[in-house]
Structure formats: structure tokens, C-alpha cells
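What follows is a set of notes on a single structure, which appears directly below.
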Amino acid sequence: MIERPELKEVRRQIRLMAREFGAEYWREVDRTRAFPDAFVDLMAEKGYPGALIPKEYGGLGLGPSTAAVVVEEINRFGGDASVINAQMAISSTLVRDGTDEQRARYLPGIASGKIRLLTVAATEPDSGADMSHLESYARLDGDHWVLDARKVLISLVEHSDLMILLVRTDRGPTLFLLDRKELGDKIETHSVTLIANRLTTTLFIDGLRVSDVARLGPVGGGLKCLMKGFALRRLLAASESIGNARFFLDRSIEHAKTRITFNRPVGQNQGVQYPLTQAYAKTEAADLMRWDALRLLESKQDASGRSALAKVLASEAAWEAGRAALTSFGGWGLATEYDIERKLRDASVFVFNNMLLSYIAEQVLGLPKAF
């Protein structure tokens with residue numbers, strides 16, 4: 001595929017930034033379970049948190065293809081693009097469904113990096129990702145809403161200035177845009193340590209009163225608002241996975257060429273060659289599916305099926321590339337200094353595809369709903 005010149009320039013800029021934040025930086029961020037403040041600040045200087053925000057609000061006004069290239073390149077060079085991914089994708093919800101007042105108040109700060117919007121609190125202890133059976137609730141009290149929520153596996157909330165909360169109301173699931181500074185003692189978080197550094201928490205909100213101006217989108221329209229962004233979220237996840245896959249392949253191929261055992265390069269062994277070749281083939285196929293889905297998304301066509309396929313294929317390609325890396329590196333692939341084990345943990349976050357497989361079966365293949 002011939003890439004547009006502007007996307008080549010984005011790749012070049014991200015690679016330059018990657019030199020300033022090498023493997024040692026990301027290794028330490030992972031070891032200490034820290035937030036990558038310095039990296040995020042540099043990305044903000046370049047305007048990338050506002051890549052998908054219109055220029056009238058101070059953003060770059062670029063398309064999903066640019067966002068996809070950004071997160072791919074960050075991961076390809078050993079970084080973790082999850083924070084930038086979150087800011088770009090979640091801000092798109094505000095762009096699409098926010099009121100004029102909300103957009104004017106928050107989008108310029110998000111575009112400049114002064115305001116972080118990194119969190120959508122949706123999943124719950126008993127329903128998980130089944131957002132049609134929410135226990136968290138908002139009730140009207142005069143001209144205000146009173147919110148009570150219990151959420152689990154919520155990433156980055158302790159590092160986010162704004163958050164989007166999904167709760168049920170008498171008229172259906174509804175979104176609220178909450179300013180962390182205004183929550184006070186009504187919010188409680190507890191850290192949850194996961195396999196990868198996603199700064200994840202449980203989240204409790206008790207009796208929080210907010211005015212109706214905090215509502216994001218129509219009452220009862222919360223799921224529809226989120227679903228509008230599903231194709232973009234899948235494609236950014238696919239792009240992270242493609243970046244991870246290429247990280248594994250770049251390093252594994254170089255290692256296979258230069259590592260000498262039994263008087264020959266390890267890459268001369270078919271047991272090393274074949275896994276790398278298969279992972280490369282699957283990565284390239286996933287990349288083509290991603291670009292096809294991005295083409296549909298940017299031309300305002302339905303990208304839901306293609307984006308689902310791209311996410312599944314890319315996440316599985318990255319996982320296979322990680323396993324191939326272990327074949328190439330052997331025991332050294334488990335050593336922190338080579339970063340293979342760290343990126344394997346990152347890649348594992350994306351391989352939960354059962355809901356997407358069900359979606360593809362029903363919506364793309366037309367099969368009956370599974371039970």
C-alpha cells in the first residue's frame with residue numbers, strides 16, 4: 001500500500017520522539033507502575049492529544065488514519081500508546097455528542113494537553129462488559145441528578161481531569177461528563193494491579209449531585225453515543241497491536257540474523273524462520289484489513305464489521321509475533337532488559353475477542369445469536 005505523504009511525516013516525527021524516550025524509560029515506567037508524564041507532555045507539545053479535535057477548538061483536525069499511525073509507531077518503538085490512544089478516542093465522544101458549551105469549555109484544553117480526558121467508566125462488578133444491565137444509577141432530583149456508581153477495571157481515572165461515566169436512568173443508559181476537581185469526597189478509587197501497566201482501579205461514587213449540564217448526549221442515549229465510537233476504538237486498538245507485532249518482528253529478525261549458536265545464526269534454523277514468517281504474514285494481513293476499515297471510516301461508510309475484523313486479526317498477529325520472538329530470543333526473551341516480556345504483557349491486553357467474534361458471526365456472517 002502506498003502511504004499518503006502526510007502520514008509518512010507523522011511516522012517520522014513519532015520516530016524522532018521515540019529516540020528521546022527509549023526502552024529504558026518505558027521499562028522504568030512499567031517497573032514503577034507510573035504514568036508517563038514526560039512523554040505525554042512532549043506529545044501535547046506536538047498537538048497529538050488533539051489530533052481528532054477540530055481546528056476551531058485548537059485541535060489538529062486530522063483523521064483516524066493519523067491517530068492510527070501515531071499509536072502504531074509509539075508501540076513499534078517499544079513505548080505504550082494506551083494513554084495517547086485514550087485521549088484521542090475519548091475526546092471524539094465529546095466532539096460528537098457534547099453540547100456547544102461543553103465543547104467550548106473543554107476541547108481547547110484537551111487539544112493542548114492541559115486537560116486530560118482519559119477515562120470512560122462503564123464496566124461493573126456483576127455485569128462486566130454487559131452495559132445493558134447497569135446497577136449504577138442516576139435519579140433526577142429537581143433540576144439536578146444524583147449519581148451512585150460502582151465500576152471495575154477502570155483505567156487512568158486517577159490521572160484524568162475529566163471522565164465519562166455510564167449509568168442507567170429511568171429512561172435508559174446515560175452518559176455524564178464529570179470534572180474530577182468537582183467530585184470531592186464523593187468519589188473513591190482503589191488500585192487493581194494487572195498484568196500490564198494500565199493504572200487500573202475500582203471506582204465508587206456515592207450521592208454525587210450534578211446539574212444537567214454535566215449530561216453528555218441525550219437521556220437514555222448513552223450506549224448509542226458510545227457505540228458511535230466503537231469502530232474508531234477498535235481501529236486504534238488494532239493499530240496498537242500492529243505496532244506491538246512490528247516491535248517483536250523488528251527485534252526478532254535482527255536477533256535471528258546476528259545471534260550465533262552452533263556456529264551459525266539462529267535465523268538459519270527453520271524452527272526460528274517459520275514462526276517469524278507466519279507472524280509477519282499475519283501482521284501484514286491485519287494491516288491491510290486495518291487500512292480498509294480506516295478507508296471506510298474516513299469516507300463516512302459503515303466500518304463496524306471491518307474494524308472488528310481488523311482488531312481481531314491484529315491482536316492475534318501481535319500475540320503470535322510475541323511467541324515467535326521467544327523462539328528467536330530463547331531464554332533471553334524472558335529477561336526484562338530485552339523488553340520482549342514487557343511487550344508480551346502489553347499484547348495480552350488486546351486478545352480478549354469473544355464479544356467481537358460473536359459480533360462478526362451475527363452481524364457480518366448473519367449467523368443466529370449465540371447462547
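Looking only at residues in the stretch 2-17 that are among the β-branched types (V, I, T) and under 22 Å from the mean Cα position of the chain (by Cα), the one that is farthest from W291 (Cα to Cα) is I14. The residue of the stretch 119-142 that is modelled with the highest pLDDT, among those that are in contact with a Ser or Thr (Cβ under 7 Å, 6 or more places away or on another chain) and farther than 15 Å from D170 by Cβ, is T119.
The number of residues in the stretch 336-348 being surrounded by fewer than 24 Cβ atoms within 10 Å (Cβ to Cβ) and touching a helix residue (DSSP H, G or I) at 6+ places or on another chain (Cβ under 7 Å) comes to 7. So, L232, is that one touching a residue at least 60 places away in the same chain (Cβ under 8 Å), under 18 Å from S155 (Cα atoms), within 21 Å of the chain's Cα centre (by Cα) and surrounded by 20 or more Cβ atoms within 10 Å (Cβ to Cβ) or not? Answer is no for this residue. For E28, the criteria (1) of a type outside the set (A, V, I, L, M, F, W, C); (2) in contact with a Leu (Cβ under 8 Å, 6 or more places away or on another chain); (3) free of Cβ contacts under 8 Å to residues at least 60 places away in the same chain hold in every case but one, which is (2).
Hey, any hits in the stretch 300-322 for a residue that's surrounded by fewer than 16 Cβ atoms within 10 Å (Cβ to Cβ), under 23 Å from G243 (Cβ atoms) and either in contact (Cβ under 8 Å) with a residue 40 or more places away in the chain or out of contact with any helix residue (DSSP H, G or I) (no Cβ under 8 Å at 6 or more places or on another chain) (or both)? No, that holds for no residue.
Return yes when T32 is modelled with pLDDT of 95 or more, outside the structural domain of R342 (by TED's automatic domain parsing), hydroxyl-bearing (S, T, Y) and buried (at least 19 other Cβ atoms within 10 Å of the Cβ) and no when it is not.
no
Take the conditions outside the structural domain of R96 (by TED's automatic domain parsing), touching a strand residue (DSSP E or B) at 6+ places or on another chain (Cβ under 9 Å) and crowded, with 20+ Cβ neighbours inside 10 Å and apply them to L208. Does it pass? Spelling it out, L208 is indeed outside the structural domain of R96 (by TED's automatic domain parsing), touching a strand residue (DSSP E or B) at 6+ places or on another chain (Cβ under 9 Å) and crowded, with 20+ Cβ neighbours inside 10 Å. Cβ separations smaller than 9 Å between residues 6+ apart or across chains give the following pairs from the stretch 126-148 residues that are of a type in the set (K, R) to residues that are loosely packed, with under 15 Cβ neighbours inside 10 Å: R139/D170. Of all the residues in the stretch 58-81, those that are in contact (Cβ under 8 Å) with a residue 40 or more places away in the chain, small (G, A, S) and either surrounded by fewer than 24 Cβ atoms within 10 Å (Cβ to Cβ) or not assigned by TED's automatic domain parsing to the domain that holds M43 (or both) number 5.
Across the stretch 36-57, which residue is nearest to the chain's Cα centre (by Cα) among those that are closer than 19 Å to Q102 by Cα and free of Cβ contacts under 8 Å to residues at least 24 places away in the same chain?
Applying the filter and picking the extreme gives K55.
Considering only the stretch 163-171, I want to know if a residue exists there that is outside any strand (DSSP E or B) and surrounded by fewer than 22 Cβ atoms within 10 Å (Cβ to Cβ). Checking the stretch 163-171: at least one residue is outside any strand (DSSP E or B) and surrounded by fewer than 22 Cβ atoms within 10 Å (Cβ to Cβ). For T189, the stated conditions do not hold, so it cannot be described as on the phi < 0 side of the Ramachandran plot, of a type in the set (S, T, Y), assigned by TED's automatic domain parsing to the domain that holds L140 and within 19 Å of the chain's Cα centre (by Cα).
The values are calculated or read from the model by the stated rules, or taken from the named source; none is laboratory data. This structure is a prediction, so every number in the text was calculated from the model and none was measured. Cβ: placed from backbone, ideal geometry, glycine included. Neighbour counts: every protein chain shown.
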